[in-house]
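*Asks:* Take this structure first; my questions come after.
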Amino acid sequence: MDRNNLRIRTAAIIAGLSILSAACSSEKSSSGGTGASTSSSASTATVATTPDTVGTTIAPTTTVPAPLVFTLRGDGIGPFDLGIDNDDLIDALTTAFGAPSSDDFREYPVDDGFGGFQTVDGEFGFVVPFGRTLCWAFELCVELGGAEAATEFLGWSYGEGSGSTLSSTSGLTVGSRGNDYPAMNVHPGGCYSIGYGDIDGITLTLQSDDVQFTSFDDLGNYVEAVPPPEQLTVVFMQAGDIPAFLFGDC
């Protein structure tokens, strides 16, 4: 091979190597000069969820007061003590049982000489000069009174025909039988089949079915007795001061 042909072949080889080198450089450049991978991976987007922010209105709690219980006591009725002014008592009873069926005022201007007072005709007596009696249809009466006006709660009574609406702390009421309440005290004497007793500080009027509280023997002697409990029925209850009927025959 002559020298000219050798130069030509050598030049061709060099040219080919240059083209190959350029191609490699181009490939590297397209791959990223820093050597970073060009493969693409799917990006996962995290979407924050917002809870439902619609507000819920909570109604305020309403406390309903418990109804009053008018327990009959020796020193009052339910939460009302003897001696208080009457306004709250009357309002509470009217709210619970309706308007009174009667509302009577009475004056006792005559001093009886024993610390009490009487009506002008001497028929009734009371502990103060002015009295007021309010009664409800189920035979509950409250007595109000005072030296100048009937403003103080002085007593109560609960009569036969009440339907046992109210009762004492031990559960006794009008119509209760004596043998059901061993704690009931029965007093000797009375007015024939009618006698008296007490329980829970309350004065009771009792009626006997058989044995009388008072009687006369064959010789005309006055005899007092205490009938057996099973013969006794409560017909009237009272506490505190109530007007007294002074024309009774016993």
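*Asks:* Pairs only if they're at least six apart or on different chains, beta carbon under 6 angstrom, first in the range 57-74 and over 30 Å from Gly240 (Cα atoms), second modelled with pLDDT of 70 or more and open to solvent by less than 100 Å² (accessible area, probe 1.4 Å); list them, first residue then second.
*Replies:* Correct list of pairs: empty, since none qualify.
*Asks:* Out of all the residues in the range 183-221, which are at positive phi and within 36 Å of the chain's Cα centre (by Cα)? Give the steps one after another, and end with the answer.
*Replies:* Looking only at the range 183-221, we keep the residues that are at positive phi, and these are 189-190, 192, 200-201, 220.
Result: Asp200, Gly201.
*Asks:* Here's something else I'd like to know. Within the range 192-240, how many residues turn out to be of a type in the set (Asp, Glu) and in contact with a Ser or Thr (Cβ under 7 Å, 6 or more places away or on another chain)?
*Replies:* 2
*Asks:* Mind checking which residues of the range 70-81 are open to solvent by 50 Å² or more (accessible area, probe 1.4 Å) and more than 17 Å from the chain's Cα centre (by Cα)? Reasoning before the result, please.
*Replies:* Here is the first cut: in the range 70-81, the ones open to solvent by 50 Å² or more (accessible area, probe 1.4 Å) are 75, 79, 81.
Result: Asp75, Asp81.
*Asks:* Would you say Pro60 is at pLDDT below 95, closer than 30 Å to Ile202 by Cβ and open to solvent by 90 Å² or more (accessible area, probe 1.4 Å)? Steps first, answer last, please.
*Replies:* On the way: at pLDDT below 95: yes; closer than 30 Å to Ile202 by Cβ: no; open to solvent by 90 Å² or more (accessible area, probe 1.4 Å): yes.
When the stated conditions are applied, Pro60 does not pass them.
*Asks:* Return yes when Trp156 is within 30 Å of Asp87 (Cβ to Cβ), surrounded by 14 or more Cβ atoms within 10 Å (Cβ to Cβ) and in contact with a helix residue (DSSP H, G or I) (Cβ under 6 Å, 6 or more places away or on another chain) and no when it is not. Walk me through how you get there before you give the answer.
*Replies:* Working: within 30 Å of Asp87 (Cβ to Cβ): yes; surrounded by 14 or more Cβ atoms within 10 Å (Cβ to Cβ): yes; in contact with a helix residue (DSSP H, G or I) (Cβ under 6 Å, 6 or more places away or on another chain): no.
So Trp156 does not fit the description; no.
*Asks:* Restricting attention to the range 181-191, report how many residues are exposed (fewer than 13 other Cβ atoms within 10 Å of the Cβ) and not in a strand (DSSP E or B).
*Replies:* 2
*Asks:* Restricting the first residue to the range 122-147 and requiring it to be touching a residue at least 40 places away in the same chain (Cβ under 8 Å) and among the hydroxyl-bearing types (Ser, Thr, Tyr), which pairs with a second residue that is part of a strand (DSSP E or B) and open to solvent by less than 30 Å² (accessible area, probe 1.4 Å) meet a Cβ separation below 7 Å and a spacing of at least six or different chains?
*Replies:* Thr133/Cys141; Thr133/Glu143
*Asks:* Collect the residues in the range 201-250 that are in a strand (DSSP E or B), open to solvent by 30 Å² or more (accessible area, probe 1.4 Å), within 25 Å of Gln118 (Cβ to Cβ) and β-branched (Val, Ile, Thr), keeping them in residue-number order.
*Replies:* The one that is in a strand (DSSP E or B), open to solvent by 30 Å² or more (accessible area, probe 1.4 Å), within 25 Å of Gln118 (Cβ to Cβ) and β-branched (Val, Ile, Thr): Thr203.
*Asks:* Among the candidates Val142, Val128, Val120, single out the residue that is in a loop (DSSP other than H, G, I, E, B), among the aliphatic types (A, V, I, L, M) and open to solvent by less than 50 Å² (accessible area, probe 1.4 Å).
*Replies:* Numbers: Val142 fails: in a loop (DSSP other than H, G, I, E, B); Val120 fails: open to solvent by less than 50 Å² (accessible area, probe 1.4 Å).
Testing whether each residue is in a loop (DSSP other than H, G, I, E, B), among the aliphatic types (A, V, I, L, M) and open to solvent by less than 50 Å² (accessible area, probe 1.4 Å) leaves just Val128.
*Asks:* Additional query: Residue by residue through the range 122-156, note down the ones that are among the small types (Gly, Ala, Ser) and within 17 Å of Phe236 (Cβ to Cβ). Break it down stepwise before answering.
*Replies:* Step one: list which residues in the range 122-156 are among the small types (Gly, Ala, Ser), which gives 122, 125, 131, 137, 145-147, 149-150, 155.
Listed by number, the residues that qualify are Ala137, Gly155.
The values are calculated or read from the model by the stated rules, or taken from the named source; none is laboratory data. The model shown is predicted, which means the values in this text are computed figures rather than measured ones. All Cβ positions, glycine included, derive from the backbone under ideal geometry; neighbour counts span all protein chains shown. Note: areas computed on protein heavy atoms with side chains; ligands, DNA, RNA excluded. Shrake-Rupley method; radii C 1.70, N 1.55, O 1.52, S 1.80 Å.
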